[in-house]
Amino acid sequence: MVRNRQKAHRGIPEISFEAPAGTPAGVEVLSLADLRHRVPGERLAVPRRPDFHHLITPAAGTLRHTVDFTAYALEPGSWLWVRPGQVQQWDDLTDVEGALILFRQDFLDPATTAGARVEDPHAPVLRRPLSDDDAEALRLAADHLAAEFHALGRLPLEVHTAALRHLLAVLVLRLAHLTAPVGASAPEPDTTYLRFRDAVEKDFARTRRVEDYAEALGYSPRTLSRAALASTGLGAKEFIDRRVVLEAKRLLAHSDQTAARIAGRLGFSSATHFSKYFHQRTGQTPIAFRDTVRGHSRH
């Protein structure tokens, strides 16, 4: 399923996709029972930052899963989509049954990638079908994909791989268009906000100033703040700060880099400046946050 790349026993594993021997590279389908048997519970509880997608749906029991330091509870029929770069932690899987689909982003064709917003780092994590019919359509797509994955050898390998690619495309397109984010009530974001959001995603490690984004995009700072507030309930500066803090948390949880190294990666002039910034927005020092996240994974 995966391989850990871990330089020291204290490090948080960086997970890279590796398909099971003899199967097509790029996708794997397994049950949560398979996962329980393959990976000990204490290893699953460790914060991880995979470089591939996870689609998770429970069939029985409540699945609790943490993504980017937000805890989610999945009931049967709901779906969790964890994307590359997000930090995740599994909870106890003892009483949960369901399916897990892993895939590399480059396994899908460009049209599917665009149509399902596969590369969107802001896409909702937890989703539920819009209707019973949509839930059934998703179940059938997942079942068909699982059946084809486990039918290795029935078709020539290149044909089997093509079938898996098409079946995965059906599933992710249905997930994108036949489900709704849980708890979402905000209006559709406008172009101004989308341009600002994408600019922040690209440049948050270079600048945290609203004025710099306004100048680059041709808007006033006030216009950006209004657009961000309408779409997210946050002002532009708060939106930028939250993105910086999220990346800081990811790096702190995922790596053994020093505060000074992380400060440099995020564009801070010193570790002291970064620590003060992080503490003001989280109530914890960077090292205390790291200890909290890693301590949780040991319990």
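So, THR57, is that one touching a residue at least 12 places away in the same chain (Cβ under 8 Å), buried (at least 19 other Cβ atoms within 10 Å of the Cβ), under 25 Å from HIS160 (Cα atoms) and not basic (Lys, Arg) or not? Spelling it out, THR57 is indeed touching a residue at least 12 places away in the same chain (Cβ under 8 Å), buried (at least 19 other Cβ atoms within 10 Å of the Cβ), under 25 Å from HIS160 (Cα atoms) and not basic (Lys, Arg).
Being over 20 Å from the mean Cα position of the chain (by Cα) and among the β-branched types (Val, Ile, Thr) holds for only one residue in VAL159, VAL125, VAL118, and it is VAL159.
Return a yes/no flag: does segment 228-242 have any residue that is of a type in the set (Val, Ile, Thr) and modelled with pLDDT of 95 or more. Scanning segment 228-242 turns up at least one residue that is of a type in the set (Val, Ile, Thr) and modelled with pLDDT of 95 or more.
Candidates GLY295, GLY264, GLY218, GLY235: the one that is of a type in the set (Gly, Ala, Ser) and either within 25 Å of HIS65 (Cα to Cα) or touching a residue at least 12 places away in the same chain (Cβ under 8 Å) (or both) is GLY295. Listed by position, the helices (runs of 4 or more DSSP H) inside segment 152-269 whose residues that are among the polar types (S, T, N, Q), surrounded by 14 or more Cβ atoms within 10 Å (Cβ to Cβ) and out of contact with any Phe, Trp or Tyr (no Cβ under 8 Å at 6 or more places or on another chain) number at least 1 are 157-177, 221-232.
For first residues located in segment 76-95 and more than 21 Å from ALA253 (Cβ to Cβ), partners that are among the hydrophobic types (A, V, I, L, M, F, W, C) and in a loop (DSSP other than H, G, I, E, B) and lie 6+ apart or on another chain with Cβ distances below 9 Å form the pairs SER78/VAL182. Applying the criterion of at least 3 residues that are out of contact with any helix residue (DSSP H, G or I) (no Cβ under 6 Å at 6 or more places or on another chain), at pLDDT below 95 and more than 17 Å from LEU175 (Cα to Cα) to the helices (runs of 4 or more DSSP H) found wholly in segment 1-117 leaves 32-38, 41-44.
Among residues of segment 124-133 being within 18 Å of ILE56 (Cβ to Cβ) and not β-branched (Val, Ile, Thr), the one that is surrounded by the most Cβ atoms within 10 Å (Cβ to Cβ) is ARG127.
The values are calculated or read from the model by the stated rules, or taken from the named source; none is laboratory data. Given the structure is predicted, the values throughout are model-derived calculations rather than measurements. Note that each Cβ is placed from the backbone with ideal geometry, even for glycine, and that neighbours are counted across all protein chains shown.
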